[in-house]
Amino acid sequence: MGINIAVAGKGGTGKTTTSALLIRSMIDKKAGKILALDADPNSNLNELLGIKINMTVGQLVEDFKKNGAVISSGIYKDQMVEMNIHQAVAEGKDFDLLAMGRGEGPGCYCAANNLFKKYIDMLQDSYDYIVMDNEAGMEHLSRKTTHNIRYLLLISDPSLRGVQTAARLRDLSKELKINIGKVFLILSRVDNKPDNRLLDFVKEQDFEILGIINSDKNIIDIELSDKSIFELPPESTSLQQVKEIVKKLEI
Ligand SMILES: Nc1ncnc2c1ncn2[C@@H]1O[C@H](COP(=O)(O)OP(=O)(O)O)[C@@H](O)[C@H]1O
Ligand SMILES: [Mg+2]
């Protein structure tokens, strides 16, 4: 299989919130066993999902490095990697979560990235659905470490810049020859209706809008009171809109 839904787009457009809303919607309709992937080193998907991370993959890599002697033998290394996967998978009531995190040192995340990919390989058959929240730069995708993606959902706020970034990410994913089933645009944090000038630009960019998520005071409220997405009132506009989005996907 691979990743069912990957969420990407410019920073601050609502990627993490939308990922959490998608996961809540899938749980509400009892879609199946879900693995949430947080591919953003500044991870906060877990907070929105109300789940504690014991260890990120990046932290595990740092630990491996500290135990350098042990992992200098290839065999031990593989065994250690497999043994430690359970430390990195946070188990929630209705879903599990794996966070990439970052290494403690500055610079390259390659090791964390590679181990993250390996863990996804090892885990994917145990889940019905995998939902991945990406960082703005889509480093994870651009390092070609990503698996097949059924739906790439590009999130934009109602700005030309946001849609432009989404178009760039779509082109990047084509260049990298990542196997993607379908690419959609979602306009998020929209007040009332998107402006016609924006909709014209969306058309020009050849995007299909999968759905619109309005600015929702209930989202602002859970953010400010540090609540999880599961505490969002069921009638909340944003949740209803994301449920409509999920209906349009094969989930
Ligand atoms: N539909 C929405 N209505 C109101 N606020 C939102 C909505 N979606 C996201 N936000 C807020 O916008 C900010 C950025 O959202 P976030 O999901 O973290 O974006 P990203 O992951 O793209 O950086 C957060 O404070 C979040 O609470
Ligand atoms: Mg985010």
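The values are calculated or read from the model by the stated rules, or taken from the named source; none is laboratory data. Since we're looking at a predicted model, the values are computed, not measured. With ideal geometry, Cβ positions are generated from the backbone for all residues, glycine too; neighbour counts draw on all protein chains shown.
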Out of the stretch 175-211, which residues are among the polar types (S, T, N, Q), farther than 18 Å from Q241 by Cβ and surrounded by 11 or more Cβ atoms within 10 Å (Cβ to Cβ)?
N179, Q205
Select from the stretch 1-30 the residues that are assigned to a strand (DSSP E or B) and aliphatic (A, V, I, L, M) and write down the one among them that is farthest from I212 (Cα to Cα).
I3
Please find, within the stretch 215-239, the residue that is modelled with the lowest pLDDT out of those that are of a type in the set (D, E) and not in a helix (DSSP H, G or I).
D226
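Would the stretch 240-250 turn up any residue that is at pLDDT 95 or above, more than 16 Å from ligand 2 (Cβ to nearest atom) and farther than 21 Å from D28 by Cβ?
no
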What residue, of V183, V190, is within 20 Å of the chain's Cα centre (by Cα) and of a type in the set (A, V, I, L, M)?
V183
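Okay, residues lined up against (1) within 16 Å of ligand 1 (Cβ to nearest atom); (2) more than 18 Å from L21 (Cβ to Cβ):
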{"site": "Q164", "(1), (2)": "yes, yes"}
{"site": "R170", "(1), (2)": "no, yes"}
{"site": "I178", "(1), (2)": "no, yes"}
{"site": "R189", "(1), (2)": "yes, no"}
{"site": "K193", "(1), (2)": "yes, yes"}
{"site": "N196", "(1), (2)": "no, yes"}
{"site": "E204", "(1), (2)": "no, yes"}
{"site": "S215", "(1), (2)": "yes, no"}
Considering only residues that are surrounded by 24 or more Cβ atoms within 10 Å (Cβ to Cβ) and within 10 Å of ligand 1 (Cβ to nearest atom), which ones fall in the stretch 1-37?
V7, A8, G9, T13, G14, K15, T16, T17, T18, S19, A20, L21
State which residue is farthest from ligand 2 (Cβ to nearest atom) when the search covers only the stretch 1-19 and only residues that are in contact with a Leu (Cβ under 8 Å, 6 or more places away or on another chain) and more than 18 Å from R150 (Cα to Cα).
T17
If you go through the stretch 163-172 one residue at a time, do you hit one that is outside any helix (DSSP H, G or I) and modelled with pLDDT of 95 or more?
no
Before we move on, is S188 in a helix (DSSP H, G or I) and over 22 Å from N148 (Cα atoms)?
no
Run Y129 past the list (1) more than 15 Å from ligand 1 (Cβ to nearest atom); (2) farther than 30 Å from F95 by Cβ; (3) at pLDDT 95 or above and report the number of the one that doesn't hold.
(2)
Residues L152, L160: which one is modelled with pLDDT of 95 or more, surrounded by fewer than 20 Cβ atoms within 10 Å (Cβ to Cβ), aliphatic (A, V, I, L, M) and under 30 Å from R197 (Cα atoms)?
L160
Return a yes/no flag: does the stretch 233-245 have any residue that is surrounded by 14 or more Cβ atoms within 10 Å (Cβ to Cβ) and more than 22 Å from Y151 (Cα to Cα).
yes
Restricting attention to the stretch 73-82, does a residue exist that is modelled with pLDDT of 95 or more and either away from ligand 2 (no atom under 11 Å from the Cβ) or among the aliphatic types (A, V, I, L, M) (or both)?
no
Is it the case that S43 is among the hydroxyl-bearing types (S, T, Y), at pLDDT below 95 and either buried (at least 18 other Cβ atoms within 10 Å of the Cβ) or within 11 Å of ligand 2 (Cβ to nearest atom) (or both)?
yes
Within the stretch 176-199, can one find any residue that is acidic (D, E) and without any contact (Cβ under 8 Å) to a residue 12 or more places away in the chain?
no
